[in-house]
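Asker: Okay, here's the structure, questions in a sec.
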Amino acid sequence: QKEVEQDPGPLSVPEGAIVSLNCTYSNSAFQYFMWYRQYSRKGPELLMYTYSSGNKEDGRFTAQVDKSSKYISLFIRDSQPSDSATYLCAMSSGRRALTFGSGTRLQVQP
Amino acid sequence: DSGVTQTPKHLITATGQRVTLRCSPRSGDLSVYWYQQSLDQGLQFLIQYYNGEERAKGNILERFSAQQFPDLHSELNLSSLELGDSALYFCASSVATSNGEQFFGPGTRLTVL
């Protein structure tokens, strides 16, 4: 079993929809949680960074961490075609390098 | 633009050859990380350097090696190349070594023929 599980998709939604992306993990030592956006063949771009449990909002993006359930989410409001990309969750205990999910491919249809 | 630079953007070479990939971290970042991304493997951590010293190793082959220089740029050396080494190679950097927040460069696409 992988340490971080992420549904690969693809997830296809109409423009303006609310998108929910999720990851589950098994390592209870993880305390730093990130979401990256990766356009095709480009470097991953850090979208959201969260320490421990709770919510964090930045514009149309909201990240949630539930450490008791070992579950993290990224919500995208008013999705745009430009949001079409692969979204990678990543996490760390602070003692090792990041562990990435396999990525969810999102397609926002105009 | 993350502030992390990588050269070259593309590299095409033959099996058995050796190549060097270069990375310059963001200004002020002391940690450099190397990752490999192939179609069927996702992002795989290779190795981390912090202020010139190796800090952590991931799934790095013995044919691969890296170093970080006093000016904090890093090089990843890949030798005895095989077809399966064809992938995107990313460098990332961070200020510290423990808080997890990393910023990625644009990558080097390596094609081994």
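The values are calculated or read from the model by the stated rules, or taken from the named source; none is laboratory data. Everything numeric in this text was worked out from a predicted model, so none of it was measured. Cβ placement follows ideal geometry from the backbone for every residue including glycine, while neighbour counts extend to all protein chains displayed. What goes into the accessible areas is simple: the full protein's heavy atoms, side chains included, and nothing from ligands, DNA or RNA. Shrake-Rupley method; radii C 1.70, N 1.55, O 1.52, S 1.80 Å.
Asker: Heavy atoms only, probe 1.4 angstrom, no DNA, RNA or ligands counted: give me A:26, A:52, B:31 ranked by accessible area, highest first.
Answerer: A:26, A:52, B:31
Asker: Mind ranking B:60, A:18, A:72 by accessible surface for me, highest first, 1.4 Å probe? Let's see the in-between values first.
Answerer: Numbers: B:60 30, A:18 120, A:72 0 Å².
Listed by decreasing accessible area, they come as A:18, B:60, A:72.
Asker: Another question, if that's okay. Could you tell me the relative contact order of chain A? Use alpha-carbon pairs under 8 Å, at least six residues apart, and round to a whole percent.
Answerer: This gives 38 percent for chain A.
Asker: If you don't mind, another one. Can you give the three extents of the C-alpha atoms in the protein assembly as shown along their principal axes, from longest to shortest, in whole Å?
Answerer: So the extents along the principal axes, rounded to whole Å, are 48, 35, 35.
Asker: If amide hydrogens are placed 1.01 Å from N in the peptide plane, which non-local residues have theirs closer than 5 Å to the one on residue B:47?
Answerer: B:34, B:58
Asker: Mind scanning A:56/B:57; A:42/A:67; A:2/B:57 and naming the pairs with a C-alpha gap bigger than 24 Å?
Answerer: Checking Cα-Cα distances, A:56/B:57; A:42/A:67 exceed 24 Å.
Asker: Can you give the local net charge around residue B:113? Use residues other than it whose beta-carbon is closer than 14 angstrom to its beta-carbon, Lys and Arg +1, Asp and Glu -1.
Answerer: On the way: positive: B:109; negative: B:82, B:85.
Here the charged neighbours net out to -1.
Asker: Hey, another quick one. What net charge do the residues around residue B:63 carry, taking every other residue with its C-beta under 10 Å from that of residue B:63, with Lys and Arg at +1 and Asp and Glu at -1?
Answerer: -2
Asker: Starting from the Cα of residue A:39, step 7 Å along the direction of its Cβ; do the same at residue B:12; then give the gap between the two resulting points in nm.
Answerer: Reported label-point gap for residue A:39 and residue B:12 is 2.4 nm.
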